[in-house]
Each structure stands twice: as C-alpha cells, then as structure tokens.
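Asks: My structure is below; once you've seen it, I'll send some questions.
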Amino acid sequence: MEPAKVLIPLRPIYRRKGIAFHQGLATAIRPEGTAEQTSPSVDFTYTDDEHRGQTANLTYEYLINATGPQLNFAPVGCGPSRCFANARSRPSRRPPCTR
C-alpha cells in the first residue's frame, strides 16, 4: 500500500481551527514547568520534512502527545506472489490464493 492512500495532512486541519501543530518527537515533558520557567513546557525534535532534526521548546496550555502507529507499507510475505487466508473467514468468501 502506498503512504499517500492512508496519510492525512493534519497541519491544514489544525490551522483552520487556530491550533498550532508541531510534528516532532517529545524528548521531555514538564507539566509543572521548571525553576526558570514556571509554565508547562515540552522539549522536542521536529520530524516533519521542513524542520527535521531541529530542536525546540514550547510552553503550552494544552498538549496533545499522540504516539500514532508505525506503519509498514511493504510487509514481507504479502503481495501478488503470496497470501495468507484468515482461518475464521468462510471458505466461500475467502479470495483465491495464487502461488
């Protein structure tokens, strides 16, 4: 399966709602703040193409830390040359397996 078939660009959706969206890997979450900065904050490394590898610190009112799945778009053993039938599926509904 191609990534374009399942990936949804979230940045435009959040922008329309006035929500700041930062795609990154959180390295530290400080809900109580620090001695120097009493507001809650998060340290993170950007993972989007535009800012990949850059680090940042943001204060926040609300933080959404969404882990999401690790998608595998080309699993070994799946494809036109091999198939695996679900044992629970009814034989009449099972697609033919071509080897």
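Asks: Tabulate in residue order the Karplus-calculated ³J(HN,Hα) for segment 35-45, using 6.51 cos²θ - 1.76 cosθ + 1.60 with θ = phi - 60°, rounded to whole Hz; enter x for Gly and Pro.
Replies: 4, 7, 10, 7, 6, x, 8, 9, 9, 7, 10
Asks: Determine, from the Cβ-Cβ distance of Glu32 and Leu71 and an R0 of 41 Å, the FRET efficiency 1/(1 + (r/R0)^6), rounded to the nearest 0.05.
Replies: The calculated FRET efficiency here is 0.75.
Asks: Translational diffusion coefficient, Stokes-Einstein: compute it for segment 3-59 using the Kirkwood radius over C-alpha pairs as Rh, at 37 °C and 0.692 mPa s, and state it as an integer in µm² s⁻¹.
Replies: 254 µm²/s
Readers should treat all values here as calculations from the given coordinates under stated rules, not as data from a laboratory. Since this is a predicted model, take the numbers as computed values, not measurements. Glycine gets a Cβ as well: all are built from the backbone with ideal geometry, and neighbour counts include every protein chain shown.
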